[in-house]
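Written out below as structure tokens is the structure these notes cover.
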Amino acid sequence: QVQLVESGGGLVQAGDSLRLSCAAAGRTFTMGWFRQVPGKEREFVASINRSGGSTYYADSVKGRFTISRDNARNTVYLQMNSLKPEDTAVYYCATKMVVGGSYKVWGQGTQVTVSS
């Protein structure tokens, strides 16, 4: 069973940057970052395929966030620049277990708080 552990969250000011990491134990395929605010549904942020050659972003983060992966370290990253208060959320990474499948394994989440 694959396990995912996120790290890198914290409290920053608007305009600052943070880099989240998601370390995986086990084989992963397409991986994604999601975020959730209390009382709201979890929303998609970004995804990256296994080779790293294909990435997708939510419109709300395009141009500010960059997803990448280092398969040698079995780790996916989310570089977040120009952070806004509305980016405040718990950020989760997740992985699909087969090509074209749904996200099956989730991390425990890391809190990102952006103050104005």
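The values are calculated or read from the model by the stated rules, or taken from the named source; none is laboratory data. As the structure is a computational prediction, the values presented were derived from the model and not from experiment. With ideal geometry, Cβ positions are generated from the backbone for all residues, glycine too; neighbour counts draw on all protein chains shown. Areas reflect the complete protein model, heavy atoms only, side chains present, ligands, DNA and RNA absent. Shrake-Rupley method; radii C 1.70, N 1.55, O 1.52, S 1.80 Å.
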* Could you tell me whether ARG19 is within 19 Å of ASP70 (Cα to Cα), open to solvent by 60 Å² or more (accessible area, probe 1.4 Å) and modelled with pLDDT of 95 or more? => yes
* Subset of the range 83-96 (residues that are farther than 14 Å from PHE34 by Cα and surrounded by 19 or more Cβ atoms within 10 Å (Cβ to Cβ)) -> LEU83
* Can you name the residue in the range 26-82 that is of a type in the set (Ser, Thr, Tyr), in a loop (DSSP other than H, G, I, E, B) and at negative phi and, of all such residues, is most open to solvent (accessible area, probe 1.4 Å)? -> SER51
* **the range 8-33, residues that are within 23 Å of SER82 (Cα to Cα) and over 11 Å from the mean Cα position of the chain (by Cα)** => GLY10, LEU11, VAL12, GLN13, ALA14, GLY15, ASP16, SER17, LEU18
* Scan the range 26-46 residue by residue and report those that are farther than 14 Å from VAL61 by Cβ and either at pLDDT below 95 or not aliphatic (A, V, I, L, M) (or both). => GLY26, ARG27, THR28, PHE29, THR30, GLN36, PRO38, GLY39, LYS40, GLU41, ARG42
* **Count of residues meeting criterion [farther than 15 Å from LEU78 by Cβ and assigned to a loop (DSSP other than H, G, I, E, B)] in the range 12-25** => 2
* **Failed criterion for SER102 (all others in (1) open to solvent by 50 Å² or more (accessible area, probe 1.4 Å); (2) at pLDDT 95 or above; (3) among the polar types (S, T, N, Q) hold)** => (2)
* Structure fact -> Scanning the range 1-11 for residues that are in a strand (DSSP E or B), open to solvent by less than 50 Å² (accessible area, probe 1.4 Å) and in contact with a strand residue (DSSP E or B) (Cβ under 6 Å, 6 or more places away or on another chain) gives LEU4, GLU6
* To do: Output the number of the condition that THR28 fails; it satisfies all remaining conditions of (1) within 14 Å of THR88 (Cα to Cα); (2) in contact with a Ser or Thr (Cβ under 7 Å, 6 or more places away or on another chain).
  => (1)
